[in-house]
Amino acid sequence: MSKKRKVVVIGGGIGGYPAAIKAARLGAEVTLIEKADLGGTCLNWGCIPTKSLLHGAEVFRLVKEAPTFGIKTTKPIVDMGTLMGRKDQVVLGLRRGVAGLLKAKKIVVLQGEAELLDPCTVRVGKKKLLADSVILATGSLPTSPPILGLDDITAWDSNDFLSMTSLPESAIIIGGGVIGVEFAQILNGLGCQVTLIEMMPQLVPSLDGEIAHAFQKSLRSQGIQVVTGAKISKIGKSGKCSVIEYQSDNQKSQIEAQQLIVATGRRPASDGLRADKIGLELEGAAVKVDQYMSTNLSNVYAVGDLTGGVMLAHLAMAEGECAAVNAMGGKQTMDYSSIPSCIYTMPQVASVGLSEEQAKERQKISVGIFPFSGVGKAAVLSQQEGFVKIVAGAQYGEVLGVHIIGPQATDLISEAALALNLEATVEEIAQTIHPHPTLSEAVMEAAMKLSGGAVHVP
Ligand code: FAD
């Protein structure tokens with residue numbers, strides 16, 4: 001019987017554990033090393049707990065709106081203990097699920113901080129493991145911007161936010177990226193007064209301009225104060241409040257709030273890898289990889305947030321699986337052209353492919369927009385805000401990008417990701433019969449607009 005390949009995975013997040021499962025499925029003897037909790041940032045301190053809190057805020061809003069649907073309620077109040085407790089239960093349940101999956105694949109899970117001694121040797125505690133291949137998946141850590149006075153303030157990072165025991169009366173969130181806007185929505189939805197302050201001219205700078213504009217307008221209409229193009233000069237204290245001095249539109253302003261929250265991004269967690277000692281090539285803090293997720297050291301792969309760039313859970317998972325296939329002798333490459341990105345606010349925002357601005361720079365395009373106000377299911381839900389926007393090639397109608405703001409945008413985007421992946425045209429989407437009444441009809445009608453005309457707009 002031939003000897004099994006030994007694969008060691010460092011980091012049990014959504015980059016690492018799917019890599020371990022894939023390698024085991026392909027016949028490897030796999031050891032996974034995790035220094036904290038299985039599931040990593042996404043499950044314990046990211047995607048899942050934030051979505052649990054966002055859902056809580058959404059339920060609160062729906063209960064307040066219940067009379068519109070003919071349901072009488074007494075005045076709802078938020079019980080933070082139960083809300084946070086439920087979030088913890090969701091996380092715990094899923095974490096146990098991950099442990100079960102690893103056990104079912106006979107993957108050895110070691111608890112501890114791993115070190116790479118050389119490309120074939122990993123140390124964890126007193127144990128030294130020999131590996132044919134190593135997959136590095138150590139994730140990322142929150143960063144703090146260099147702002148005068150910030151070190152003297154007890155500001156929350158994302159982990160502090162997800163551990164809050166009571167709702168602040170007011171909050172300033174520095175950073176209007178995806179994490180910042182989701183935090184703003186949670187706090188505002190639960191009844192906290194929120195100011196979101198972003199350095200760039202628009203929130204979530206990677207968004208298509210038209211979508212970003214509609215999104216900003218919507219957040220403002222919900223009572224979130226949004227400041228963009230702001231340069232913060234100083235942070236100080238006034239009684240129990242944090243005070244921020246900033247400049248925007250050539251005007252100096254000052255705001256204060258009970259709680260300051262920093263959501264300005266994350267950096268790859270490469271510090272503990274001994275990169276300089278073993279000759280592992282970095283680019284800034286990120287481990288440099290090629291299209292096979294291979295590092296410069298033979299048989300050492302790196303995946304997920306550790307490799308820098310766009311930090312998304314589903315991307316980390318795809319990279320993990322790609323690295324595992326290659327660690328087992330395959331030649332799989334990563335394709336970054338159709339990775340959806342989502343914001344789970346109300347309204348939701350989701351996009352895949354090129355924005356209108358990016359597509360215009362490359363070729364002649366046409367744009368089809370269909371509003372949710374023309375969709376029966378959106379009327380049923382009383383959620384008619386938003387639209388679907390398809391960016392397509394002007395000559396052949398090939399789908400270049402899809403951008404959605406509105407109800408269930410984060411689920412609807414999967415159809416668009418598939419369309420991009422299959423190099424579909426708008427005609428092919430338009431000719432695909434979509435079920436009625438569903439929100440997905442907005443995607444079909446936006447495609448119809450570019451190929452003969454939509455039905456439900458005059
Ligand atoms: P991680 O999940 O960070 O896992 C790395 C693991 O490695 C950790 O468990 C760590 O303890 C372990 N580790 C580190 N060093 C060592 C060592 N030396 N030895 C052993 N173990 C080690 N992405 C989305 O796609 N959708 C979302 O909705 C979303 N929401 C987010 C919300 C927040 C607040 C945050 C912070 C992030 C969010 N993300 C979201 C991003 C997502 O969480 C990350 O992209 C994803 O977790 C990256 O996975 P990873 O496996 O690369 O790293």
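The values are calculated or read from the model by the stated rules, or taken from the named source; none is laboratory data. On a predicted model such as this, the values are computed, not experimentally measured, just so you know. All Cβ positions, even for glycine, are placed from backbone atoms using ideal geometry, and neighbour counts span all protein chains on display. Note: areas computed on protein heavy atoms with side chains; ligands, DNA, RNA excluded. Shrake-Rupley method; radii C 1.70, N 1.55, O 1.52, S 1.80 Å.
Of the residues that make up segment 28-40, is at least one out of contact with any Asp or Glu (no Cβ under 9 Å at 6 or more places or on another chain) and in a helix (DSSP H, G or I)? No. Picking from residues in segment 11-27 that are open to solvent by 10 Å² or more (accessible area, probe 1.4 Å) and out of contact with any Asp or Glu (no Cβ under 7 Å at 6 or more places or on another chain), the one that is nearest to the ligand (Cβ to nearest atom) is Gly13. Do we have any residue at all in segment 234-249 that's closer than 20 Å to Pro201 by Cα, within 16 Å of the ligand (Cβ to nearest atom) and not polar (S, T, N, Q)? Scanning segment 234-249 turns up no residue that is closer than 20 Å to Pro201 by Cα, within 16 Å of the ligand (Cβ to nearest atom) and not polar (S, T, N, Q).
The residue pairs whose first member lies in segment 27-47 and is farther than 23 Å from Ile179 by Cβ, whose second member is open to solvent by 50 Å² or more (accessible area, probe 1.4 Å) and within 6 Å of the ligand (Cβ to nearest atom), and whose beta carbons are closer than 9 Å, counting only pairs six or more residues apart or on different chains, are Ile33/Glu113.
Comparison of Leu130, Leu136, Leu187, Leu117 shows that the only residue that is away from the ligand (no atom under 16 Å from the Cβ) and over 16 Å from the mean Cα position of the chain (by Cα) is Leu130.
From the set of residues in segment 255-280 that are at pLDDT 95 or above and away from the ligand (no atom under 15 Å from the Cβ), which is most open to solvent (accessible area, probe 1.4 Å)? Applying the filter and picking the extreme gives Glu256. Within segment 168-189, residues that are hydroxyl-bearing (Ser, Thr, Tyr) sit with their Cβ atoms under 7 Å from residues that are open to solvent by 10 Å² or more (accessible area, probe 1.4 Å), at 6+ positions apart or across chains, in these pairs: Ser170/Gln193; Ser170/Gln258. Scanning segment 245-261 for residues that are farther than 11 Å from Ile153 by Cα and part of a strand (DSSP E or B) yields a count of 11.
Across segment 228-242, the qualifying residues are those that are part of a loop (DSSP other than H, G, I, E, B) and in contact (Cβ under 8 Å) with a residue 12 or more places away in the chain, and the one among them that is surrounded by the most Cβ atoms within 10 Å (Cβ to Cβ) is Ala230. The set of residues in segment 44-58 that are open to solvent by less than 20 Å² (accessible area, probe 1.4 Å) and either under 19 Å from Glu113 (Cα atoms) or in contact with a Cys (Cβ under 6 Å, 6 or more places away or on another chain) (or both) contains only Asn44. Is there any pair linking a residue in segment 354-369 that is touching a residue at least 12 places away in the same chain (Cβ under 8 Å) to one that is surrounded by fewer than 20 Cβ atoms within 10 Å (Cβ to Cβ) and of a type in the set (S, T, N, Q), with Cβ under 7 Å and at least six apart or on different chains, and which? Listed pairs, sorted by first residue: Lys364/Gln395. I'd like the full set of residues that are closer than 17 Å to Gly176 by Cβ and of a type in the set (D, E, K, R), limited to segment 222-242. Passing the criteria: only Lys231.
One line per residue, one yes/no per condition, for (1) modelled with pLDDT under 95; (2) basic (Lys, Arg); (3) touching a Lys or Arg at 6+ places or on another chain (Cβ under 6 Å):
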| position | (1), (2), (3) |
| --- | --- |
| Lys4 | yes, yes, no |
| Pro18 | no, no, no |
| Ile21 | no, no, yes |
| Ala24 | no, no, yes |
| Lys35 | no, yes, no |
| Leu38 | no, no, yes |
| Gly70 | no, no, no |
| Val78 | no, no, no |
| Thr82 | no, no, no |
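When Gln383 is tested against (1) part of a loop (DSSP other than H, G, I, E, B); (2) over 24 Å from Pro458 (Cα atoms), just one condition goes unmet, and that condition is (2).
For segment 76-121, filtering for residues that are more than 28 Å from Thr50 (Cβ to Cβ), touching a residue at least 24 places away in the same chain (Cβ under 8 Å) and among the β-branched types (Val, Ile, Thr) leaves 1.
Taking the criterion of being over 22 Å from Lys87 (Cα atoms) and more than 6 Å from the ligand (Cβ to nearest atom), the residues of segment 29-52 that qualify are Glu29, Val30, Thr31, Leu32.
Count of segment 1-34 residues, restricted to those that are closer than 22 Å to His314 by Cα and of a type in the set (D, E, K, R), is 3. Taking the condition away from the ligand (no atom under 15 Å from the Cβ) and either over 23 Å from the mean Cα position of the chain (by Cα) or open to solvent by 30 Å² or more (accessible area, probe 1.4 Å) (or both), does Lys105 pass? It is true that Lys105 is away from the ligand (no atom under 15 Å from the Cβ) and either over 23 Å from the mean Cα position of the chain (by Cα) or open to solvent by 30 Å² or more (accessible area, probe 1.4 Å) (or both).
Would you mind stating whether Ile261 is under 24 Å from Met311 (Cβ atoms) and touching a helix residue (DSSP H, G or I) at 6+ places or on another chain (Cβ under 7 Å)?
On the way: under 24 Å from Met311 (Cβ atoms): yes; touching a helix residue (DSSP H, G or I) at 6+ places or on another chain (Cβ under 7 Å): yes.
Answer is yes for this residue.
Here Lys64 meets each of (1) open to solvent by less than 20 Å² (accessible area, probe 1.4 Å); (2) closer than 30 Å to Ser158 by Cα with one exception, condition (1). Restricting attention to segment 281-333, the residues that are assigned to a loop (DSSP other than H, G, I, E, B), open to solvent by 10 Å² or more (accessible area, probe 1.4 Å) and either within 19 Å of Gly39 (Cα to Cα) or within 14 Å of the ligand (Cβ to nearest atom) (or both) total 7.
Please enumerate the residues belonging to segment 340-377 that are hydrophobic (A, V, I, L, M, F, W, C) and in contact with a strand residue (DSSP E or B) (Cβ under 7 Å, 6 or more places away or on another chain). First the steps, then the outcome.
Step one: filter segment 340-377 for residues hydrophobic (A, V, I, L, M, F, W, C), giving 342-343, 346, 349-350, 352, 354, 359, 365, 367, 369-370, 372, 375.
Of everything in segment 340-377, those that are hydrophobic (A, V, I, L, M, F, W, C) and in contact with a strand residue (DSSP E or B) (Cβ under 7 Å, 6 or more places away or on another chain) turn out to be Cys342, Ile343, Val349, Ala350, Val352, Leu354, Ala359, Ile365, Val367, Ile369, Phe370, Phe372.
Of the strands (runs of 3 or more DSSP E) entirely within segment 132-218, those holding at least 3 residues that are buried (at least 17 other Cβ atoms within 10 Å of the Cβ) occupy 133-136, 170-174, 193-197.
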